[in-house]
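Structure record follows, encoded as structure tokens.
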There are 2 protein chains.
Amino acid sequence: MELRQLRYFIKAKELLNFTEAAAQLFISQSTLSQQIKQLEDELGTPLFNRVGKHIYLTEAGDLFYKYALQCVKKAYDGYQVLKDLGNLEIGNLMIGTTYGLRHILSPAILAFHQQHPQITIDVVFGTSKELTDRLSKFELDFVLTFEEVTHNQNMKYQPLFSSELSLIACKGSPLAEKKSVALQDIQHLPLALPAKGFSTRKFVDEVFEKHHLTPQVNLETNDIPTLLELVGTGYWNTILAQTTVSNQKNLVSIPIRSLKTLQQAAIVSLHDVYEKQAVKAFFDVLLHLDLNELH
Amino acid sequence: MELRQLRYFIKAKELLNFTEAAAQLFISQSTLSQQIKQLEDELGTPLFNRVGKHIYLTEAGDLFYKYALQCVKKAYDGYQVLKDLGNLEIGNLMIGTTYGLRHILSPAILAFHQQHPQITIDVVFGTSKELTDRLSKFELDFVLTFEEVTHNQNMKYQPLFSSELSLIACKGSPLAEKKSVALQDIQHLPLALPAKGFSTRKFVDEVFEKHHLTPQVNLETNDIPTLLELVGTGYWNTILAQTTVSNQKNLVSIPIRSLKTLQQAAIVSLHDVYEKQAVKAFFDVLLHLDLNELH
DNA sequence: AGCTGTTATCGGTTTTATCGATTGATGTTA
DNA sequence: TAACATCAATCGATAAAACCGATAACAGCT
């Protein structure tokens, strides 16, 4: 068993297509096939079932994947530690964030970049679910989200701030003047909500569920800017964390009178994984941002 | 970077001698030297300092070791999972135990062997410190000890039973008739104690320390049977968990009147490591032993 | 039946891990 | 201090194995 073979296996598992995996690994399909076979021989059990054109994971393959991934990750962590030791000022950051937290991320990126201009940053937007899945595959360094994701033992949660769930309306609309609204008032409004998979959506559904109300969801989208644009037309309303629209001029957020509408924003990262210097430094920036200044 | 190289590095690090490490790895010294060099080149930093005949770890090597070890372990865990999947009834167990817990280990081994006769068992006796060190190097599956080892985040503690620290005396001796003794009475007795590194010894030292007393330690040994033999002569006494001598006919244990002499016996194992079926099964046996029956 | 997309296999090539022998450096001993 | 023993590094040669291209075998699709 060699790291090379584990890397091959991981890619093959993720694509479930040897030809494509081989291409991405820059080796021939023949080589990949042989190396997987060799690994299977050593483990004494097939990792893939070959049925016709397609392959799929065996139970053994499924079990083994986790260890293969962690093994490769440990090797990479070791490599990373030594890179960090030499020069703290190169490297890159892979940040996952939900749209609702971009207002805190932008100033953090700015501040971080001024301190560490050499470090490149990738920001990936997505739903909580998408992002935490990618986090588990070590494709991201950390994720910013409202922590309504199922609390996972392997993950570390660092709270940032909490935000009230609010009704978002266009400035011209009749609702805009209200100081607050009841959940009962909302249920008859035409709503445009974030798609399933967004933590906020899950949270909204749960709140309505708890009060035995069913909202009128006319529209769903996984693109929050689009959502806000739609609300800006005045035809729809939406429900988001109050902070999400704090810098939108044409929209207003109206507090909802209901229990437990407080969402906790947090940094989510993995336990038992080497934390790069750059990641530590970024956490530092995030946790020391003056949040009040932003709202 | 390949697992082969990490395995080579680990052995070299542990022996700090390329020639010997190569021999134990069944490769030539030349090969080892080259592979280490290749690894160092890839990591961009030396892992060893070569001064004259000797080598020692660089800071980078020290940092890297941890990851190399965990990486190799993850690969092995993956292998192990699949072996377990196929046939639950082969494999082996590496058990570390302090002498004080052998009375519980023997019946457990007996019971376990009757259920799983194919599984080979190695039992290693030693001090808590020796054993937990070996546990950290993945050389043991678990350790039985009085958990006075420093509580470590990476380790899991499953309590077994608690036992009073007692004065151990020969049956013929004048002390033998006493119902209990005070710590003050003990400080003038000639004592033979377990050597430093034994958790019980650490515990004893702490108890005396707390009461500002200094015991007369005439003799230390790291072999508990020898210790008991010496006590059997009547010239010395010792201090051990009461349960340690529960099946010694010529010795008696006398409770010590003092605060906090209760020691907790526990199974110590590592978090975040694959737990073999055999290990799970053994824990089951240990945790369901009728302890009262043994005392 | 013929086409396409897939994995397995075969034979040959290239890469590289390995070895034995040697060198050079450094403690140790007579 | 000279001879020796012990160690890691290096060199050239060899064996192992990773890799490739071509092809076969197979299954789904038209």
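Read through the list (1) assigned to a strand (DSSP E or B); (2) within 16 Å of DNA strand C (Cβ to nearest atom); (3) within 30 Å of A:Glu59 (Cβ to Cβ); (4) of a type in the set (A, V, I, L, M), then give the number of the only condition that B:Met1 fails.
Exception for B:Met1: condition (1).
Answer yes or no: is there a residue in segment B:16-37 that is away from DNA strand C (no atom under 11 Å from the Cβ), within 18 Å of B:Cys71 (Cα to Cα) and buried (at least 19 other Cβ atoms within 10 Å of the Cβ).
no
Would you mention how many residues in segment A:20-45 are within 16 Å of DNA strand D (Cβ to nearest atom) and within 14 Å of chain B (Cβ to nearest Cβ)? Even if it seems obvious, please write down each step before you answer.
The first filter runs over segment A:20-45 and keeps only residues within 16 Å of DNA strand D (Cβ to nearest atom), leaving A:20-43.
Filter once more, keeping what is within 14 Å of chain B (Cβ to nearest Cβ): A:35, A:38-43.
Residues that pass the stated criteria total 7.
Mind checking which residues of segment B:48-95 are out of contact with any Leu (no Cβ under 9 Å at 6 or more places or on another chain), within 16 Å of DNA strand C (Cβ to nearest atom) and part of a strand (DSSP E or B)?
Within segment B:48-95, B:Arg50, B:Val51 meet the criteria.
How many residues does segment A:96-118 contain that are surrounded by fewer than 18 Cβ atoms within 10 Å (Cβ to Cβ), assigned to a loop (DSSP other than H, G, I, E, B) and touching a residue at least 12 places away in the same chain (Cβ under 8 Å)?
Adding up the residues that qualify gives 1.
Out of (1) more than 9 Å from chain B (Cβ to nearest Cβ); (2) among the charged types (D, E, K, R); (3) under 21 Å from B:Tyr79 (Cβ atoms), what's the single condition that is false for A:Lys53?
Among (1) more than 9 Å from chain B (Cβ to nearest Cβ); (2) among the charged types (D, E, K, R); (3) under 21 Å from B:Tyr79 (Cβ atoms), the lone unmet condition for A:Lys53 is (3).
A quick yes/no check of all residues on (1) at negative phi; (2) within 14 Å of chain A (Cβ to nearest Cβ); (3) in a strand (DSSP E or B):
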site: B:Pro215; (1), (2), (3): yes, no, no
site: B:Leu219; (1), (2), (3): yes, no, yes
site: B:Pro225; (1), (2), (3): yes, no, no
site: B:Glu229; (1), (2), (3): yes, no, no
site: B:Leu240; (1), (2), (3): yes, no, yes
site: B:Ile254; (1), (2), (3): yes, no, yes
site: B:Lys260; (1), (2), (3): no, no, no
site: B:Ile267; (1), (2), (3): yes, no, yes
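Quick one: would you say B:Tyr99 is under 23 Å from B:Pro194 (Cβ atoms), of a type in the set (Phe, Trp, Tyr) and at pLDDT 90 or above? Reasoning before the result, please.
Working: under 23 Å from B:Pro194 (Cβ atoms): yes; of a type in the set (Phe, Trp, Tyr): yes; at pLDDT 90 or above: no.
Answer is no for this residue.
Taking segment A:67-106 only, how many residues are away from every other protein chain (no Cβ under 13 Å) and within 21 Å of A:Gly126 (Cβ to Cβ)? If you could, list the steps in order and put the result at the bottom.
If we filter segment A:67-106 for residues that are away from every other protein chain (no Cβ under 13 Å), which is where we start, we get A:88-89, A:91-106.
Filter once more, so that each one left must be within 21 Å of A:Gly126 (Cβ to Cβ): A:92-106.
The number of residues fulfilling the criteria is 15.
In a helix (DSSP H, G or I) and modelled with pLDDT of 90 or more: is that true of B:Tyr157 in this structure? Walk me through it before giving the result.
Working: in a helix (DSSP H, G or I): no; modelled with pLDDT of 90 or more: yes.
It is false that B:Tyr157 is in a helix (DSSP H, G or I) and modelled with pLDDT of 90 or more.
Scan B:Phe138, B:Phe208, B:Phe146 and give me the residue that is surrounded by 14 or more Cβ atoms within 10 Å (Cβ to Cβ), hydrophobic (A, V, I, L, M, F, W, C) and within 26 Å of B:Asp77 (Cα to Cα).
Working: B:Phe208 fails: within 26 Å of B:Asp77 (Cα to Cα); B:Phe146 fails: within 26 Å of B:Asp77 (Cα to Cα).
Being surrounded by 14 or more Cβ atoms within 10 Å (Cβ to Cβ), hydrophobic (A, V, I, L, M, F, W, C) and within 26 Å of B:Asp77 (Cα to Cα) holds for just one of B:Phe138, B:Phe208, B:Phe146, which is B:Phe138.
Spot the failing condition for B:Arg7; the list is (1) away from DNA strand D (no atom under 16 Å from the Cβ); (2) more than 9 Å from every other protein chain (Cβ to nearest Cβ); (3) within 24 Å of A:Leu85 (Cα to Cα), and only one is missed.
With (1) away from DNA strand D (no atom under 16 Å from the Cβ); (2) more than 9 Å from every other protein chain (Cβ to nearest Cβ); (3) within 24 Å of A:Leu85 (Cα to Cα) applied to B:Arg7, the lone miss is (1).
Confirm whether B:Ser162 is small (Gly, Ala, Ser), surrounded by fewer than 21 Cβ atoms within 10 Å (Cβ to Cβ) and out of contact with any strand residue (DSSP E or B) (no Cβ under 6 Å at 6 or more places or on another chain). Show your work before the answer.
On the way: small (Gly, Ala, Ser): yes; surrounded by fewer than 21 Cβ atoms within 10 Å (Cβ to Cβ): yes; out of contact with any strand residue (DSSP E or B) (no Cβ under 6 Å at 6 or more places or on another chain): no.
It is false that B:Ser162 is small (Gly, Ala, Ser), surrounded by fewer than 21 Cβ atoms within 10 Å (Cβ to Cβ) and out of contact with any strand residue (DSSP E or B) (no Cβ under 6 Å at 6 or more places or on another chain).
Conditions: (1) within 16 Å of DNA strand D (Cβ to nearest atom); (2) in contact with a Cys (Cβ under 9 Å, 6 or more places away or on another chain). A:Val51 meets all but one. Number of the miss?
(2)
Go through (1) outside any strand (DSSP E or B); (2) touching an Asp or Glu at 6+ places or on another chain (Cβ under 8 Å); (3) closer than 30 Å to A:Asp272 by Cα for B:Thr200 and report which single condition fails.
(3)
Before we move on, is A:Asp41 out of contact with any helix residue (DSSP H, G or I) (no Cβ under 9 Å at 6 or more places or on another chain), touching a residue at least 24 places away in the same chain (Cβ under 8 Å) and surrounded by fewer than 14 Cβ atoms within 10 Å (Cβ to Cβ)? Give the derivation first.
Values: out of contact with any helix residue (DSSP H, G or I) (no Cβ under 9 Å at 6 or more places or on another chain): yes; touching a residue at least 24 places away in the same chain (Cβ under 8 Å): no; surrounded by fewer than 14 Cβ atoms within 10 Å (Cβ to Cβ): yes.
The answer is no for A:Asp41.
Please pick out the residue among B:Phe125, B:Phe64 that is within 14 Å of another protein chain (Cβ to nearest Cβ) and surrounded by 15 or more Cβ atoms within 10 Å (Cβ to Cβ).
B:Phe64
Residue check: is B:Asn92 more than 13 Å from B:Tyr8 (Cα to Cα), within 16 Å of DNA strand D (Cβ to nearest atom) and surrounded by fewer than 20 Cβ atoms within 10 Å (Cβ to Cβ)? Break it down stepwise before answering.
Details: more than 13 Å from B:Tyr8 (Cα to Cα): yes; within 16 Å of DNA strand D (Cβ to nearest atom): no; surrounded by fewer than 20 Cβ atoms within 10 Å (Cβ to Cβ): yes.
Taking the combined requirement at face value, the residue does not satisfy it.
Mind checking which residues of segment A:203-234 are over 25 Å from the mean Cα position of the chain (by Cα), farther than 24 Å from A:Lys260 by Cα and at pLDDT below 85?
A:Asn218 - this is the single residue of segment A:203-234 that is over 25 Å from the mean Cα position of the chain (by Cα), farther than 24 Å from A:Lys260 by Cα and at pLDDT below 85.
The values are calculated or read from the model by the stated rules, or taken from the named source; none is laboratory data. Computed from a prediction, not measured in an experiment: that's the story for all the values here. Note that we place each Cβ from the backbone using ideal geometry, even for glycine, and neighbour counts take in every protein chain shown.
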